[in-house]
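The values are calculated or read from the model by the stated rules, or taken from the named source; none is laboratory data. Keep in mind it's a predicted model, so treat the numbers as computed, not measured. Ideal geometry is used to build each Cβ from the backbone, glycine not excepted, and the neighbour counts take in all protein chains shown. Only protein heavy atoms, including side chains, enter the accessible area calculation; ligands, DNA and RNA are left aside. Shrake-Rupley method; radii C 1.70, N 1.55, O 1.52, S 1.80 Å.
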Amino acid sequence: MNLFTVITVTYNAEHTLARTMKSVQEQTYSHIEHIIVDGNSIDGTVDLIKMLETEQTNWVSEKDKGIYDAMNKATAMATGNYICYLNAGDTFYDENTVEKLIATAQQYHLPDILYGETVVVNNEGKFLHNRRLKAPERLNWKSFKQGMLVCHQAFIVKRRLFEPYDLTYRFSADVDWCIRLMKKSKSIVNLHQVMIKYLNEGVTTANRKASLKERYRIMTKHYGAISTLLHHAWFVVRAILKPEKKN
């Protein structure tokens, strides 16, 4: 049995969390645990969790130091072989997503990291557009020189590979975390499937300028100052020549 852990961290998410919890519960793969770490919400989030929780739900609501502190706390509670992080409002692409993921993992002798594609949805969960950055055929730690080619939610890692998120980054610690885990991984497998419907209303989206500054620092740390400067010049050109498509 390969237990699969889904982690969701929340704060005042009563309007979006239900969609995520139901998506986890509707998966055809039965060996799933859903860990929810709530930051002591003051709306109806906790009541919603209590209403929708099942035997596969493990949750806590208490103050934390932010989203990445909550992710570290949640991962310490996890017992699954693999970990997936879904924000409130995010869902799996369909009810067979985890089953197909586990089948691929077994086919490739349980690789350290698996990754796939993501589509962007609105507050009602309706498709808006494909993610502008496409997951590469082959992924390694140097791939993120081109930007975060794989969405955090579609980046599935073995729990034993986990390292804590660096709390010195408030908005983009996931970028640094993905690079660090790819550096230490021995096997990374492309799932060749759309994994996640991503709600484009996260903390990073709301704090885009600060997030971009953090990403620049992270890329300089891992790839060096000159390489990072040159790639960011290309990002500007790319954004002009190939803007994100929206339906």
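Taking the condition of being among the aromatic types (Phe, Trp, Tyr), touching a Phe, Trp or Tyr at 6+ places or on another chain (Cβ under 6 Å) and either more than 19 Å from Asn2 (Cβ to Cβ) or open to solvent by 30 Å² or more (accessible area, probe 1.4 Å) (or both), how many residues in region 132-189 meet it?
Number of matching residues: 2.
Which one is surrounded by the fewest Cβ atoms within 10 Å (Cβ to Cβ), of the residues in region 118-131 that are assigned to a strand (DSSP E or B) and over 14 Å from the mean Cα position of the chain (by Cα)?
Keep residues of region 118-131 that are assigned to a strand (DSSP E or B), which gives 118-121, 127-130.
After this cut, where a residue has to be over 14 Å from the mean Cα position of the chain (by Cα) as well, the list is 121, 127-130.
Working: Val121: 21, Phe127: 11, Leu128: 16, His129: 13, Asn130: 16.
Step by step, filter region 118-131, then rank; the result is Phe127.
Could you list, in sequence order, the residues of region 37-74 that are among the acidic types (Asp, Glu) and part of a strand (DSSP E or B)?
Passing the criteria: only Asp38.
Identify all residues within region 1-20 that are under 22 Å from Asp174 (Cα atoms) and either in a strand (DSSP E or B) or among the aliphatic types (A, V, I, L, M) (or both); write none if there are none. Reasoning before the result, please.
Residues of region 1-20 that are under 22 Å from Asp174 (Cα atoms), as a first pass: 4-13, 16-17, 20.
The answer is Phe4, Thr5, Val6, Ile7, Thr8, Val9, Thr10, Ala13, Leu17.
Residues to consider are Thr220, Thr205; find the one that is open to solvent by 40 Å² or more (accessible area, probe 1.4 Å), of a type in the set (Ser, Thr, Tyr) and modelled with pLDDT of 60 or more. Working first, answer last.
Details: Thr205 fails: modelled with pLDDT of 60 or more.
Answer to the selection: Thr220.
Would you tally the residues in region 70-98 being surrounded by fewer than 16 Cβ atoms within 10 Å (Cβ to Cβ) and either in contact (Cβ under 8 Å) with a residue 40 or more places away in the chain or under 16 Å from the mean Cα position of the chain (by Cα) (or both)?
Within region 70-98, residues that are surrounded by fewer than 16 Cβ atoms within 10 Å (Cβ to Cβ) and either in contact (Cβ under 8 Å) with a residue 40 or more places away in the chain or under 16 Å from the mean Cα position of the chain (by Cα) (or both) number 4.
Each row is one residue, and each column tells you yes or no for (1) among the small types (Gly, Ala, Ser); (2) in contact with a strand residue (DSSP E or B) (Cβ under 7 Å, 6 or more places away or on another chain); (3) at pLDDT 95 or above.
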| position | (1), (2), (3) |
| --- | --- |
| Gly80 | yes, yes, yes |
| Asp90 | no, yes, yes |
| Glu95 | no, no, yes |
| Lys100 | no, yes, yes |
| Ala105 | yes, yes, yes |
| Leu110 | no, no, yes |
| Leu114 | no, yes, yes |
| Phe127 | no, yes, no |
| Leu133 | no, no, no |
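Failed condition for Asn200, given (1) polar (S, T, N, Q); (2) at pLDDT 95 or above; (3) under 21 Å from Thr118 (Cβ atoms), with all others met?
It fails just one condition, (2).
Restricting the search to region 137-148, which residues are modelled with pLDDT under 95 and either in contact with a Ser or Thr (Cβ under 6 Å, 6 or more places away or on another chain) or in a loop (DSSP other than H, G, I, E, B) (or both)?
Within region 137-148, Gly147, Met148 qualify.
Taking region 1-55 on its own, how many of its residues are over 19 Å from Ala78 (Cβ atoms), open to solvent by 30 Å² or more (accessible area, probe 1.4 Å), β-branched (Val, Ile, Thr) and touching a helix residue (DSSP H, G or I) at 6+ places or on another chain (Cβ under 9 Å)?
1
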